[in-house]
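Data block below; observations after.
The values are calculated or read from the model by the stated rules, or taken from the named source; none is laboratory data. Given the structure is predicted, the values throughout are model-derived calculations rather than measurements. Cβ placement follows ideal geometry from the backbone for every residue including glycine, while neighbour counts extend to all protein chains displayed. Quick note on the areas: whole protein, heavy atoms, side chains included, nothing else; ligands and nucleic acids left out. Shrake-Rupley method; radii C 1.70, N 1.55, O 1.52, S 1.80 Å.
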Amino acid sequence: MGQSVDWSRCLELAASSDVGLRRANNQDAHLISLASDEETWLREGHLLMVADGMGAHAAGELASKIAVDLVPHLYRKHGILPRPEAIQRSMQEANMEIHRRGEANLEFHNMGTTGSVLLLLPQGALAAHVGDSRIYRLRGNRLCQLTFDHSLVWEMRAAGQIPADESIEHAIPRNVITRSLGPQEHVKVDIEGPFPIEVGDTFLLCSDGLTGRVPDDEIGPILAYMSVKEATDLLTDLANLRGGPDNITVIVGKVTGAEMTSRASAADPLVVGGASKESTAVHPAFWITSGVLILAAAALQVTGQSLLSLVLAAIGGCVGLVALAKVMGIFRDSGISLSGGRKLGKGPHRTANVRSARDFAEWMRITAENARRAVELRQWSVDWTTWDSLVGKGLNPSDAVPPDEVARRYAQALRDLLGQVRERIVADPHNGDHFS
């Protein structure tokens with residue numbers, strides 16, 4: 001076992017899972033599994049995962065928990081496989097276990113969960129995905145969605161059944177997903193990447209409790225101008241201020257050190273399509289044929305037919321060696337190398353430009369002040385001391401207060417306000433609709 005590594009020097013991480021304002025329990029689950037040492041990092045990388053469970057009673061909670069428990073374990077277990085195949089197989093095996101548990105108990109029947117996994121590898125970022133929980137990457141002023149939503153809306157749009165300019169898209173329920181872990185015994189897992197990693201890259205994994213309320217043009221600047229912890233908190237707060245109808249899970253990771261970049265690694269390219277190195281079952285006919293040929297060779301040797309005996313012995317031996325090599329995993333197809341820009345999947349599937357820091361600060365000011373006005377209209381009792389100390393009667397960018405600091409102060413004021421009025425928003429299902 002190699003020496004442990006403090007990954008915080010090159011990777012900043014923050015995570016949050018909030019029940020929201022309309023749900024009694026949290027069916028989301030998430031996990032951050034960092035490599036224990038340098039050797040493990042080079043072999044397996046870091047694993048981040050979000051799962052959004054669905055099902056009556058506690059079924060959704062159980063499905064998402066099984067997913068985040070099993071997938072990382074199985075991924076490490078399949079250490080001998082190429083990384084794309086290892087994560088794909090681990091999600092398929094987790095799917096089978098969730099399905100088995102659902103079939104074994106009527107209360108859990110047809111339970112399921114989304115599953116979105118981000119692998120940060122020496123060769124780049126690899127996404128494995130089932131459902132509509134998303135993975136984003138922010139680089140510079142471009143926010144890219146690396147995953148494809150397995151939802152009715154996205155599938156219909158991809159099939160050309162929804163013209164981009166047609167309002168009919170808004171009439172289709174956005175929470176109808178077409179693929180998940182658990183309901184069926186077998187599931188197709190999408191693999192995207194690898195995407196090169198550079199210093200400054202920021203990754204976001206989230207459930208649709210966030211993306212159903214906070215659009216990409218707001219997600220981008222929040223990731224760009226705030227720390228990973230501030231971004232995690234603000235994204236959660238915005239989803240709740242807009243009604244919080246679902247559980248909200250957010251993982252934000254930012255690459256801050258060169259040792260995490262693709263260029264810094266001398267690791268071999270990822271490979272797909274080759275035969276597994278793992279041991280493989282061999283049909284009994286191989287062993288029977290080998291044994292019969294060797295016995296026949298021995299019998300011929302006794303009768304003096306040495307030449308034919310040698311031929312049969314050689315053939316029998318070769319058949320036996322082939323079977324043994326197959327069992328031991330010696331024979332392996334080299335597969336396809338994911339090098340030179342070659343990658344799996346068609347991502348990114350959507351991109352958005354990030355607004356300027358000044359525009360973001362102005363948007364943050366308007367959002368916070370709208371929330372304050374909504375509270376004042378309801379004549380709720382609120383202590384404005386924190387608000388006044390942060391933004392006073394109004395704060396705008398200036399030489400003394402740069403735009404990102406203005407946005408940060410309004411975000412803190414908004415967070416304090418939400419903390420005070422959250423119970424009142426929960427009590428009235430329509431309150432959150434007026435805080436946008």
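Net charge around Q123, counting only other residues with Cβ within less than 9 Å of its Cβ (Lys, Arg = +1; Asp, Glu = -1)?
Numbers: positive: R83; negative: D268.
Within the 9 Å Cβ shell, the charges total 0.
Measuring with a 1.4 Å probe in the full set of protein chains, what accessible area per residue, in whole Å², belongs to the stretch 130-275?
Working: 5360 Å² over 146 residues.
In whole numbers, the stretch 130-275 has 37 Å² accessible per residue.
Of K188/K229; K188/K346; K77/K229; K229/K343; K65/K343; K188/K254, which pairs sit farther than 27 Å apart, going by alpha carbon to alpha carbon? Can you show the working numbers first?
Working: K188/K229 33 Å; K188/K346 15 Å; K77/K229 32 Å; K229/K343 31 Å; K65/K343 30 Å; K188/K254 29 Å.
Where the Cα-Cα span goes over 27 Å, the pairs concerned are K188/K229; K77/K229; K229/K343; K65/K343; K188/K254.
What is the magnitude of the charge dipole of the stretch 168-263 about its Cα centre, with +1 placed on the Cβ of each Lys and Arg, -1 on the Cβ of each Asp and Glu, and no other charges, expressed in debye to the nearest 20?
Working: 8 positive and 15 negative charges, 29 e Å.
Roughly 140 debye, rounded to the nearest 20.
Full extension from Q301 to A258: what is 0.36 nm times the residue separation minus their Cα-Cα distance, to one decimal in nm?
Details: separation 43, 0.36 × 43 = 15.48 nm, distance 6.79 nm.
Here the segment from Q301 to A258 would lengthen by 8.7 nm.
Determine the gain in length on full extension of the stretch E107-N141; use 0.36 nm per residue of separation and subtract their C-alpha separation, reporting nm with one decimal. Walk me through the numbers before you get to the answer.
On the way: separation 34, 0.36 × 34 = 12.24 nm, distance 4.68 nm.
So the chain would gain 7.6 nm between E107 and N141.
Highest mean first, how do 88-98, 190-200 rank when packing is the count of other Cβ atoms within 10 Å averaged over residues? Before the final figure, lay out each step's value.
Numbers: 88-98: 22.8, 190-200: 20.1.
So the peptides 88-98, 190-200, ranked by packing, come out 88-98, 190-200.
Compute the label zone of D428 within the stretch 367-387: residues whose backbone N is under 12 Å from the point 7 Å along Cα-to-Cβ.
Only 374-381 fall inside the zone, counting backbone N under 12 Å.
What distance in nm separates the simple spin-label points at N25 and A158, each placed 7 Å from Cα in the Cβ direction?
Using points 7 Å along Cα→Cβ, the separation is 3.2 nm.
Taking θ as phi - 60°, what are the ³J(HN,Hα) couplings along the stretch 378-389 by the Karplus curve (6.51, -1.76, 1.60), each to the nearest whole Hz, with x for Gly and Pro?
With the stated coefficients, the stretch 378-389 comes to 7, 6, 6, 7, 9, 8, 8, 4, 5, 4, 5, 6 Hz.
Could you derive backbone 3J(HN,Hα) for the stretch 62-68 from the dihedral phi with the Karplus parameters 6.51, -1.76 and 1.60 (θ = phi - 60°), listing whole Hz in sequence and x where the residue is Gly or Pro?
Those phi angles translate into 5, 4, 5, 5, 4, 4, 6 Hz.
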